[in-house]
1. In terms of the ratio Rg/(2.2 N^0.38 Å) built on C-alpha atoms, what value belongs to the stretch B:357-461?
2. Can you tell me the 0 to 90 degree angle between the C-alpha axis of helix A:193-202 and the longest principal axis of chain A, rounded to 10?
3. In what sequence do A:301, A:337 fall when counting other Cβ within 10 Å, fewest first?
4. How big is the gap, in Å, between the Cα center of the stretch B:401-421 and the Cα center of the stretch A:272-296?
5. From other protein chains only, count the Cβ atoms within 10 Å of every residue's Cβ in A:51-63, then give the mean.
6. To make sure I understand, if each residue's beta carbon is the centre and we count other beta carbons within 10 Å, what order do A:140, B:299 fall in, fewest to most?
7. Can you tell which of A:286, A:273, A:81 shows the greatest fluctuation in a Gaussian network model of chain A with Cα springs below 10 Å?
8. Within the stretch A:223-337, how many lysine pairs that are 8 or more places apart, or on different chains, have C-alpha atoms less than 28 Å apart?
Amino acid sequence: MKFVSFPLLMLAFAAGAVAEEELNIVATTSDLASIAQSVAGSHAVVRNVCKGDRDPHFLQAKPGYIMMARDADLWIRVGMELEIGWEPAILDGARNSAIRENGPGHLDASQSVLRLEVPAQRVTRAMGDVHAQGNPHYWLDPLNGRIVAKAIAGRLEQIDPFNAASYRANLAQFQKALDERMFGTELVSQIGGDKLWAIELKGSLGEFLEKGNLAGKLGGWAAAVKPLRAQKIVTYHKSWVYFANRFGLAIDCELEPKPGIPPSPSHLARVIERINGGGIRVILLEPFYSRKAADFVAGKTSATTVVCPNSVGGNDSATDYLSLIDTIVDRVSKAFTER
Amino acid sequence: MKLSLLLTCAFICLLLAPASRAAEEPADAQALRNEIDALRQQLEAQKRDYDARLQLLRQALDKLAAQQPVRHQLPEEAPAEPDLEALLQQLQQPPEEHRPGIDWGRAFQSFNPDISVIIDTFYHHDDSEEGISHVLGGIDGFGHSHGHEGHHHAETENGFNLRHLELYLGAEVDPYFKAWAIPAISEEGAELEEAVIQTTGLPYGLQVKAGKFFSEFCRVNAQHSHEWDFVDAPLINQLVFGDHGLNDKGVQLSWLAPTDVPLTLALEAFQGDNETMFSHVGGDELPDRSGPRVLVQWLKLAPEIGGNHGIQFGGFHGSGVHQEAHDGDGDGVEDHWLDGTSLFWGGDVVYKYDSPAAHEQGDVVLQGEYLSRRRDLNVENHALAPAVIGNNRVDQQDGIYLQGTYGFLPRWRAGARWDLAGITNKQKLPDGTAESFDDSNRYTGMIDWTLTEFSRLRFQVSQGRYAAEGEKDKVTQFFLQLMVSLGSHGAHKF
């Protein structure tokens, strides 16, 4: 009897799990999906359209993605026109009015983030792929990750008020984990995450730590990248601006002459000149870009090519949002220290 | 404070009392001791009670303290205490010059439709005597069947050509509809390519589209010419539906089935106005048939094959009224008239590999289609040969194409296409005789360079052997195409 009842019991459990309605969240990118999963916890199944090893600017709107969108209760996008080449085709095909723009199930995560490079003058395409609403690669600033998590929690509370307390608790847990990775466990327990971020935002973290004799207690990413402050780097695309801004790196120039425009020989010659003149040591690029131009420049200068994922799933170590930032911090600081 | 005082007094009494009483009255010691024990127990119970109450009080006090903001405990730091939320709010505020109410450009933009323009221009050369348009118009089995003879189209000339300027205007109308209009402007004038109202909020995966639009029965017909992987359409599509494809006024109802496998089914009803397949002439000699005169049904199935691979199968069927009026002796006056039905069916498949490398490098697209058509027309009147009135003319043709592209460098693609039209190619004439024609084929090679997402340069060479009057015309064609897109162009479908 036991042998018979066991699989039946399992089936019953499985059916129960399905019946306990989980929310269906679809994010356009793996980073948003990772944050959403942290906030939603066990109350939602979270999937993402663009995988972490792909260029989120370009994607084929596969029918499978349309199926994901059709069944979604919540659609989260990076916004700022990052997905403009494929998101509309998916949303149109999905026939799910709740997740269309301005629908209750459509969350543009860029709405509350701190933006950089918002053009102050008229944008033309002669400037390359410049987004009129600002640089959309904002998820590489952990503070923006924190802000996005809060926005997601807020929307989940609206969609699923029954589990509001749980979303709030998950959010607090995610924020705490992020704060601890950013500033170190000790400092966060002593000062508090919110306060540390506020001081960081004011640009006076160093001063504050100095004054309170806390400099030795700084841990996490902030401590790991601290020695690199004001170091110059070169990137392939303008996708590392937020990371550099948060961690005090200085991006000298890009291999692309203009965003989205492939490197030209004359531009690369100028880059080589700048690298040699400024003693720049790192050329940072995502795995989906061709290494050719970077390696060419590296061969003519003292710089090294550092291929680094900029999305969750971009390599084996970036399994979630926090480990993605771990990976980037690790790659970048190693690139500087190993030479 | 009072509580602890009380407790101390009680304790002192308790300690003093038994000693003094025991000394004065030893006889009653036992009784006294009992009494004291009872008292002690009573006192201890009282003490426990007080302890419990004290505990509750302390908890209440703690709770109160917790509700007070932390800041109040550190009055000396309060003014300097930075508040993250307030700071964030401050930073999220747009700068002065971007505040709404001042920036009219932005305010207008949010209500205006998306506008984009595609300019499609090419240089063409072929080695035929009368031009490729003339050759294609005269292919055995396919040619000479226009509804009205002398129907002229923008011909592909040797030299510079402007295919058209495609203007796109589109927006969400309200929460229920979206709409777009695509006038195509060429040197001959403007032509409405699409004017569509489409629902956005229907339940059960339903969607209704109305207006004038391209039938979505197969990949090539559903796409605008600028989306094609080659300059021109596959031969069979071009021969069966003409230069503009199946594009007509009508209604489409489509249904995305609630299955795990993406399955879309659609019904389209069209007025029936296609030069080669669904022509309506009417007039004195032919019956006037009211619309809709064409019904198309199709399905698309796209099983998930994982990763960056995608595949889609399509099947389609369409039928409708077709009428023809001809001038048999070439004196400029129509002399025989046909009326009947025309139908087509077929299937197509597309496979795509979307490589992780940027800018289409490594991407593969493989695509193929089979299309068959049959027209069964009754001779309504014949001024030259009255004997055949009431007899039938039946045409049966089909064709196939296979094509593929590969991104061999970032932004560079190479492609090849094979066309075969007229595998079945026969005609039963009204006089009872039957004819069978040869097939036509074409080989095409293409290389294109997508400088940015907004400009593309394409080089294409093709060689075709076209069956014409029992012989095969060999024509080599060369294209150099430049297309640019201005404005916010919508995303392309799979």
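1. 1.70
2. Relative to chain A, helix A:193-202 is tipped by roughly 30 degrees.
3. Lowest to highest Cβ neighbour count: A:337, A:301.
4. A separation of 33 Å, based on Cα centres.
5. Counting Cβ atoms of other protein chains within 10 Å of each residue's Cβ and averaging gives 6.
6. Sorted ascending by nearby Cβ count, the order is B:299, A:140.
7. Greatest mean-square fluctuation among the candidates belongs to A:273.
8. Summing the qualifying lysine pairs gives 15.
Only the coordinates and a few stated rules stand behind these numbers; no lab work does. What you are looking at is a predicted structure, and each value in this text was computed from that prediction instead of being measured. Ideal geometry is used to build each Cβ from the backbone, glycine not excepted, and the neighbour counts take in all protein chains shown.
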